[in-house]
Each structure stands twice: as C-alpha cells, then as structure tokens.
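S.K.: Input: one structure, supplied below.
The values are calculated or read from the model by the stated rules, or taken from the named source; none is laboratory data. Note that the coordinates shown come from a computational prediction; the quantities given were computed from them, not determined experimentally. Every residue, glycine as well, gets a Cβ built from its backbone with ideal geometry; the counts of neighbours run over all protein chains shown.
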Amino acid sequence: MARQLESAAHLRAHDYRWLVKRWRALAKRAGWPLRKFATEDGFPVYALASPARDGPRLYLSAGIHGDEPAATEALITWCEKRLPALRKCEVLIFPCLNPWGLQHNNRNDAHGRDLNRGYHRSDVPVIEAQKRLLRGRVFDAAVMLHEDFDARGVYLYEIPGARPLWGEKLLAAAARHLPGEPRGRVEGRKCRRGLIRTRVRPETLPEHPEAFFLRFGHTKRSLTFETPSEFSLTARVRAHVAFLDEVLRLAKG
Ligand SMILES: [Zn+2]
C-alpha cells in the first residue's frame, strides 16, 4: 500500500497545484505561514518560514529548474516525514522556485531564462522578491536540490566555507539509494567520487546561481545536490531524502 501511494505521488510530480496543496497541509500542521512572495507567469511562488529558533538554521530550496521533479517531490516528502525534527530548527523553505517550469517540465521559466543563472541580475521579479525575503538572514547551511540528465550517479557541489566539510558524509548517505557519480569531470569541474568542491569568488563568474548568492551573502555552507534524471524517480526521491536527513543530522551536531 505504501508503495502504491508513493507511485501515485510520483505520477503527479509535475502537478504544481497538487504540490502546493501538500505544502499548504504541511504548513497548517506546522502552524507556520505559507507565504506567496511572488507571482511568476501566472503561478504563485511560495516560501514557508518557521519562527526563529535556537536550533539549526536551514535554507532549503527546490524546483528552480522545472525538469527536475525528484527535487520538489523529495523536499515535500522529507518535510512531511520530518516535521517533528524540523520544529526544533529555524527553516526557510522555497518549495518550488519555478512553478511554470515544473508544470511544463522545462528547465527554464516561461521567458526562456535559466533562473539559476540569474542571481547577479536585478530584473528577474521572482529572484528580486526572494532576495528581499532573504535580506539580513543567515543560515547554518543552504541546501539546493537538483537533478541532471547527464549524470550517472549522485553528486554534490560544496562551496568550501565552514569546517568540517560535510560533503563525504552527505554523499555516503545518498549513495545508499543511488551510485555515486563516476565521472572525473562534471560541467568542466573536477569531480572526485561525486564531490565537486569549487573554490570560487563571486567576481570571477559572470552568471550567479542560487548557490553563490547564498554562499556569499547568507551562509558558510552552500550545498547543491544532484541526482541522475535517468534513474527511477523513487530512487532519486529516496536519495534526496537520505541527503536531507544527513544534513539535518550534521546540522544538529
Ligand atoms: Zn538543476
């Protein structure tokens, strides 16, 4: 029965209204406001924020690329499962930053823009609205969930900052469900057993992804997790969930 329910959930992985319905139910359970902070191409874009807490401060986001459904599916699935633990954290969650893309199974937004290359710009309304929400906020870790059609296993971009680094442990947790990325180079960067530790300075890159914006303004831990799109959705969702569990475990210290 559990497996059947899970499959039904996966069939609707591109149904944004249904995704929002689940987030609404979760927000109600948590007693936290699900706030519409932007409207993009006719779709409301939401953020879920817990009250301030002494526990770990986490930024969690998914769905900036609409053709990566395991990311959005896993984030809601994980939050539904782990709400009691999340109540002890201070979280700011972006369930789906590109609803039009999710609904249309498209990486980009309705204008053909890759939102994850737009954080240096000031003319993308949804990003500007998100930046306003983030003003003055600091997180112990920022987690961005993604998928990759070229990937052959799970991998992680970890922009070095706070020590100890978490990359190896996070990948080990995810590797219980999917193999690690075997390629030695990914998107032109060195990848060791699925780990890409990029030493970057924001001024050296012309186009800024969400991970940069977070790392250089709001956190010392920027973690971009990727699952291989060609594997089963169930396994991809499980890998994301295991990854998030390990983030939570490490963040709690
Ligand atoms: Zn992506």
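S.K.: Within region 96-105, is even one residue assigned to a loop (DSSP other than H, G, I, E, B), among the hydrophobic types (A, V, I, L, M, F, W, C) and either more than 28 Å from Arg12 (Cβ to Cβ) or more than 16 Å from the ligand (Cβ to nearest atom) (or both)?
M.R.: Quick first cut of region 96-105, residues assigned to a loop (DSSP other than H, G, I, E, B) only: 96-98, 104-105.
Then drop every residue that is not among the hydrophobic types (A, V, I, L, M, F, W, C), which leaves 96-97.
Filter once more, so that each one left must be either more than 28 Å from Arg12 (Cβ to Cβ) or more than 16 Å from the ligand (Cβ to nearest atom) (or both): none.
No; the residues of region 96-105 include none that is assigned to a loop (DSSP other than H, G, I, E, B), among the hydrophobic types (A, V, I, L, M, F, W, C) and either more than 28 Å from Arg12 (Cβ to Cβ) or more than 16 Å from the ligand (Cβ to nearest atom) (or both).
S.K.: Out of (1) basic (Lys, Arg); (2) closer than 22 Å to Phe139 by Cβ; (3) at pLDDT 95 or above, the odd one out for Arg29 is which?
M.R.: (2)
S.K.: Now, a different point. Evaluate the following for Val138: is it within 24 Å of Val124 (Cα to Cα) and either modelled with pLDDT under 95 or more than 14 Å from the chain's Cα centre (by Cα) (or both)?
M.R.: On the way: within 24 Å of Val124 (Cα to Cα): yes; either modelled with pLDDT under 95 or more than 14 Å from the chain's Cα centre (by Cα) (or both): yes.
Yes, satisfied.
S.K.: Right, something else. Can you report the number of residues in region 116-147 which are over 29 Å from Lys252 (Cβ atoms), within 16 Å of the ligand (Cβ to nearest atom) and touching a residue at least 60 places away in the same chain (Cβ under 8 Å)?
M.R.: Total satisfying the criteria: 3.
S.K.: Please name all residue pairs, on different chains or six or more residues apart, with Cβ atoms under 6 Å, provided the first residue is in region 218-234 and is closer than 23 Å to Gln130 by Cβ and the second residue is among the charged types (D, E, K, R) and within 14 Å of the ligand (Cβ to nearest atom).
M.R.: Close Cβ pairs (under 6 Å, with a partner that is among the charged types (D, E, K, R) and within 14 Å of the ligand (Cβ to nearest atom)) amount to Glu226/Asp148.
S.K.: I'd like the full set of residues that are among the hydrophobic types (A, V, I, L, M, F, W, C) and crowded, with 22+ Cβ neighbours inside 10 Å, limited to region 127-146.
M.R.: Listed by number, the residues that qualify are Ile127, Phe139, Ala141, Ala142, Val143, Met144, Leu145.
S.K.: Would you mind stating whether Ala162 is over 18 Å from Phe216 (Cβ atoms) and either within 16 Å of the chain's Cα centre (by Cα) or not basic (Lys, Arg) (or both)? Let's see the steps before the verdict.
M.R.: On the way: over 18 Å from Phe216 (Cβ atoms): no; either within 16 Å of the chain's Cα centre (by Cα) or not basic (Lys, Arg) (or both): yes.
Criteria not met by Ala162.
S.K.: Next up: Can you confirm whether region 56-65 contains a residue that is surrounded by fewer than 17 Cβ atoms within 10 Å (Cβ to Cβ) and not basic (Lys, Arg)?
M.R.: Narrowing region 56-65 to residues surrounded by fewer than 17 Cβ atoms within 10 Å (Cβ to Cβ): none.
No: region 56-65 contains no residue that is surrounded by fewer than 17 Cβ atoms within 10 Å (Cβ to Cβ) and not basic (Lys, Arg).
S.K.: Out of Phe243, Phe216, report the one residue that is surrounded by 24 or more Cβ atoms within 10 Å (Cβ to Cβ) and of a type in the set (Phe, Trp, Tyr).
M.R.: Values: Phe216 fails: surrounded by 24 or more Cβ atoms within 10 Å (Cβ to Cβ).
Of the residues listed, the single one that is surrounded by 24 or more Cβ atoms within 10 Å (Cβ to Cβ) and of a type in the set (Phe, Trp, Tyr) is Phe243.
S.K.: I'd like to check something: does region 194-205 contain any residue that is within 28 Å of Tyr46 (Cβ to Cβ), crowded, with 20+ Cβ neighbours inside 10 Å, within 16 Å of the ligand (Cβ to nearest atom) and modelled with pLDDT of 95 or more? Spell out how you get there, then give the answer.
M.R.: First, the residues of region 194-205 that are within 28 Å of Tyr46 (Cβ to Cβ): 202.
Now narrow it down to the ones that are crowded, with 20+ Cβ neighbours inside 10 Å: none.
Checked region 194-205: no residue is within 28 Å of Tyr46 (Cβ to Cβ), crowded, with 20+ Cβ neighbours inside 10 Å, within 16 Å of the ligand (Cβ to nearest atom) and modelled with pLDDT of 95 or more.
S.K.: I'm checking my understanding of the structure. Among residues of region 24-80 that are part of a loop (DSSP other than H, G, I, E, B) and within 16 Å of the ligand (Cβ to nearest atom), which one is nearest to Pro125 (Cα to Cα)? Before you say what the answer is, go through the steps one by one.
M.R.: Taking region 24-80 as the starting set, the residues that turn out to be part of a loop (DSSP other than H, G, I, E, B) are 31-33, 41-42, 50-56, 63-68.
If we keep only those that are within 16 Å of the ligand (Cβ to nearest atom) as well, we get 63-68.
Working: Gly63: 16, Ile64: 14, His65: 16, Gly66: 17, Asp67: 21, Glu68: 22 Å.
Top of the filtered list is Ile64.
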